[in-house]
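One structure below.
The values are calculated or read from the model by the stated rules, or taken from the named source; none is laboratory data. If you're wondering where the values come from, they're calculated on a predicted model, not measured in any experiment. We place every Cβ from the backbone using ideal geometry, glycine too, and count neighbours over all the protein chains shown. These accessible areas exclude ligands, DNA and RNA; they are computed on the full protein's heavy atoms, side chains included. Shrake-Rupley method; radii C 1.70, N 1.55, O 1.52, S 1.80 Å.
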Amino acid sequence: MEKRPVIIDTDPGIDDALALAIALFSEELEVKLITTVAGNVSLENVTLNTLRLLQFFEKKVPVAKGAASPLIADFVDASNVHGKTGMEGYDFPEPDESLLLEEHAVNAMRRVIMESPQPVTLVPIATLTNIALLFAMYPEVKGNIKEIVMMGGSAGRGNKGVMSEFNVATDPEAAQMVFQSGLPILMAGLDVGQKALIYPQDTEEIRTMGKVGDMAYHLFKRYRGGSFQTGLKMYDSCAVAYLLCPELFTVEKTYVGVELQGSMTAGCTVVDLRGYLHREPNASVCTDIDGEKFREWFKKSMRKCI
Ligand code: RIB
Ligand code: CA
């Protein structure tokens, strides 16, 4: 079976680390490039973490550094959730620096997309700064992009602001540019991420799944996205889960806007499920997930990470 070509834009980040593992070890995806962007922690740290993960996974995928800060907004990280380095809890090997390209992430994405014989799927599981810059600088790439499958936004409450999710709220202007790109978008938001929970019995099972499972267990102990005891939120794995097992999700086509001006709601995604705004749908939004089936899918996927 021909593998689906993807580019993953990421900010490891503990939940990113697991999403990357599942994508890299899957039979269905060809990860052609990994690009990094400041988000959970600084650009330097998320890039170092990405290289450390590839060394640990023994996967040779090119990495390109992207934006060190949002387009306009001030940069505020999420080190409170992921630790100062962004991936605390496990002693990783030294990174394989040879995988780091000289090219900026935007230029690397353009090259990979334009050279791909098959349309490429973009999988942003971080702030959307790189993706927005790509479309602004090289709009021609849209002709060879299949779709954008992203983790970000929320049809409900937020985790960075009252109503705003971290990836979108960190760079709202970039997010607005992406939702206005005209490309097919699948949005796996906070609503489903908060139901994509891994429980203690799952983490104990995962711990026995070889070195990647053991690594995951140690990161889980440090991760503050949810709780080790009552359920860890696998936000970024939802984007990969949609690619590999879309039947886990309930999806609705609708209009999604990004609020930029709200004095209390700036950075939130306005997901117009009932059509109050009378605007053409511009995204498919995950409105629910089968949590039990997600748990089983996640563990089955982790078993392949060997
Ligand atoms: O809101 C959750 C998102 O923010 C995830 O991508 C997590 O890694 C952080 O980047
Ligand atoms: Ca992330």
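So A68 clears everything in (1) free of Cβ contacts under 8 Å to residues at least 60 places away in the same chain; (2) within 30 Å of E140 (Cα to Cα); (3) part of a helix (DSSP H, G or I) except one condition, right? Which one? Evaluating A68 over (1) free of Cβ contacts under 8 Å to residues at least 60 places away in the same chain; (2) within 30 Å of E140 (Cα to Cα); (3) part of a helix (DSSP H, G or I) leaves (3) as the failure.
The condition of being in contact with a helix residue (DSSP H, G or I) (Cβ under 9 Å, 6 or more places away or on another chain) and away from ligand 2 (no atom under 16 Å from the Cβ) does not hold for A126. When you check G275 against the structure, is it over 27 Å from F25 (Cβ atoms) and either touching a Leu at 6+ places or on another chain (Cβ under 6 Å) or at pLDDT below 95 (or both), yes or no? No.
One residue stands out in the stretch 116-137 among those that are small (G, A, S) and closer than 20 Å to A239 by Cα: the one that is surrounded by the fewest Cβ atoms within 10 Å (Cβ to Cβ), namely A132.
How many of the residues in the stretch 1-20 are hydrophobic (A, V, I, L, M, F, W, C) and within 14 Å of ligand 1 (Cβ to nearest atom)? Qualifying residue count, the stretch 1-20: 6. Looking across the stretch 283-306, the residues that are at pLDDT 95 or above and surrounded by fewer than 19 Cβ atoms within 10 Å (Cβ to Cβ) come down to T287, D288, D290, G291, E292, K293, E296, K299, K300, R303, K304.
Please determine, by comparing only the residues of the stretch 74-87 that are at negative phi, crowded, with 16+ Cβ neighbours inside 10 Å and part of a loop (DSSP other than H, G, I, E, B), which one is nearest to ligand 1 (Cβ to nearest atom). Result: A78.
Matching residues to (1) at negative phi; (2) in contact with a helix residue (DSSP H, G or I) (Cβ under 6 Å, 6 or more places away or on another chain); (3) in contact (Cβ under 8 Å) with a residue 60 or more places away in the chain; (4) not polar (S, T, N, Q):
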{"residue": "G89", "(1), (2), (3), (4)": "no, yes, yes, yes"}
{"residue": "E97", "(1), (2), (3), (4)": "yes, no, no, yes"}
{"residue": "A108", "(1), (2), (3), (4)": "yes, no, yes, yes"}
{"residue": "V112", "(1), (2), (3), (4)": "yes, no, yes, yes"}
{"residue": "L122", "(1), (2), (3), (4)": "yes, no, yes, yes"}
{"residue": "A132", "(1), (2), (3), (4)": "yes, yes, yes, yes"}
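Among the residues of the stretch 153-195, just one is outside any helix (DSSP H, G or I), within 22 Å of F249 (Cα to Cα), free of Cβ contacts under 8 Å to residues at least 60 places away in the same chain and open to solvent by less than 20 Å² (accessible area, probe 1.4 Å), namely L183. The set of residues in the stretch 196-209 being in a helix (DSSP H, G or I) and open to solvent by 40 Å² or more (accessible area, probe 1.4 Å) consists of Q201, E204, E205, R207. Residues in the stretch 97-108: is at least one among the polar types (S, T, N, Q) and in contact with a Pro (Cβ under 8 Å, 6 or more places away or on another chain)? Within the stretch 97-108 (the criterion being among the polar types (S, T, N, Q) and in contact with a Pro (Cβ under 8 Å, 6 or more places away or on another chain)), the answer is no, since none of the residues qualifies.
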